[in-house]
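Reviewing the structure listed below.
The values are calculated or read from the model by the stated rules, or taken from the named source; none is laboratory data. In this text, all values refer to a predicted model and were calculated from it rather than measured experimentally. Backbone-built Cβ (ideal geometry, glycine too); neighbour counts: all protein chains shown.
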Amino acid sequence: MRKDLIIKVKELVEEAAQIVSKPKESQVSQKGEKDFVTEIDLKISDLLCRKLPEILENSVVISEEGYKERPKEGYCWIIDPIDGTNNLIFDFPNYAISVGLLENRIPVLGVVYNPKTREMFWAEKGKGAYCNGERITVCSDAAVENTLVLAETNPYCNRSENQFHDIMDAMFCDCIDYRITGSAALDCCYIACGRGGAFVAQNLKPWDYAAGIVILEEAGGCLTLWDGSRPRFYGDSAVVATNGLVHQKVLDRLKRFL
């Protein structure tokens, strides 16, 4: 993997961010129940799908808004052109461009950029995690009762079958408070830089955490499935991301939902 790759990816993500101008003027289409895609999503996806293989030879791209398949051997980009599209539509400032790289199915690089706040998180495997040039680390909270918890509400499932409120009862009743940002990619980065001790979500897709897992782990944190196994990069996954210190405690609270 070329030494200047992270620089090239960051530059490309910043180029893609220029497409985000006036969200409320962007054309919006519905692709599922309460699930939308904008013209901005599609334009960013097209740009990244064209240019990422140019900066890393023999790599392929999996995008939320395009080519979707299980990653194979070799280099595979997994991207979300806008993670938090509903936030973008309503001009709520929690959305991000997320670019992760797998090498032989192992996450090795991640860049997550919020065009609204201009916060860029990035990491390469073995080289630490950063936000806007500053090294970041997870918080030192050792108990769920002493930390802030982040969550996503699983909005695209059948609302009558949604377990979010039950999970809140089991998981969130003892914590300091919880936050719902609407962007799983940013949630992983927020745990990585100490803005909470745990993040819990059901039915995430690979592009929701392919970049964030590298950033989180390089910051000293941990991301697994609810059964404690390593995440896979295909299909739906129930994910827990933590500072590592509260990880098993969070998993224990979620056992009855497996």
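State whether the residues of segment 227-244 include one that is assigned to a helix (DSSP H, G or I) and either touching a helix residue (DSSP H, G or I) at 6+ places or on another chain (Cβ under 8 Å) or more than 23 Å from Cys173 (Cβ to Cβ) (or both).
We begin by selecting, within segment 227-244, every residue assigned to a helix (DSSP H, G or I); these are none.
Checked segment 227-244: no residue is assigned to a helix (DSSP H, G or I) and either touching a helix residue (DSSP H, G or I) at 6+ places or on another chain (Cβ under 8 Å) or more than 23 Å from Cys173 (Cβ to Cβ) (or both).
Under the condition of being touching a strand residue (DSSP E or B) at 6+ places or on another chain (Cβ under 8 Å) and at pLDDT 95 or above, the residues counted in segment 238-249 number 8.
Scan segment 182-200 for residues that are within 14 Å of Asp80 (Cβ to Cβ) and not in a helix (DSSP H, G or I) and the total you get is 2. Checking the stated criteria, Gly196 turns out not to satisfy the condition of being on the phi > 0 side of the Ramachandran plot, over 16 Å from the mean Cα position of the chain (by Cα) and not assigned by TED's automatic domain parsing to the domain that holds Leu101. Of note, Asp46 satisfies the criterion of being in a helix (DSSP H, G or I) and of a type in the set (D, E, K, R). Where strands (runs of 3 or more DSSP E) fall wholly inside segment 89-133, the ranges with 3 or more residues that are closer than 17 Å to Asp208 by Cα are 96-103, 106-114, 119-124.
Take segment 104-133 and flag every residue that is acidic (Asp, Glu) and either in the same structural domain as Arg253 (by TED's automatic domain parsing) or touching a Phe, Trp or Tyr at 6+ places or on another chain (Cβ under 6 Å) (or both).
Let us first name the residues in segment 104-133 that are acidic (Asp, Glu), namely 119, 124.
The answer is none; no residue qualifies.
Is segment 17-33 home to any residue that is at pLDDT 95 or above and in a helix (DSSP H, G or I)? Yes, segment 17-33 has at least one match.
If you go through segment 218-230 one residue at a time, how many are surrounded by fewer than 22 Cβ atoms within 10 Å (Cβ to Cβ) and in contact with a Pro (Cβ under 8 Å, 6 or more places away or on another chain)?
Within segment 218-230, the subset surrounded by fewer than 22 Cβ atoms within 10 Å (Cβ to Cβ) is 220, 222, 224-230.
Applying the additional criterion that residues be in contact with a Pro (Cβ under 8 Å, 6 or more places away or on another chain) yields 224-225.
Number of matching residues: 2.
State whether the residues of segment 209-221 include one that is over 21 Å from Gly110 (Cα atoms) and of a type outside the set (D, E, K, R). No, every residue in segment 209-221 fails to be over 21 Å from Gly110 (Cα atoms) and of a type outside the set (D, E, K, R). A single member of Ala211, Ala170, Ala241, Ala198 is small (Gly, Ala, Ser) and in contact with a Cys (Cβ under 7 Å, 6 or more places away or on another chain), and it is Ala241.
Can you spot a residue in segment 157-166 that is in contact with a helix residue (DSSP H, G or I) (Cβ under 7 Å, 6 or more places away or on another chain) and buried (at least 19 other Cβ atoms within 10 Å of the Cβ)? First the steps, then the outcome.
Within segment 157-166, the subset in contact with a helix residue (DSSP H, G or I) (Cβ under 7 Å, 6 or more places away or on another chain) is 163.
Checking the rest, the ones that are also buried (at least 19 other Cβ atoms within 10 Å of the Cβ) come to none.
Checked against the condition, which is being in contact with a helix residue (DSSP H, G or I) (Cβ under 7 Å, 6 or more places away or on another chain) and buried (at least 19 other Cβ atoms within 10 Å of the Cβ), segment 157-166 yields no hits at all.
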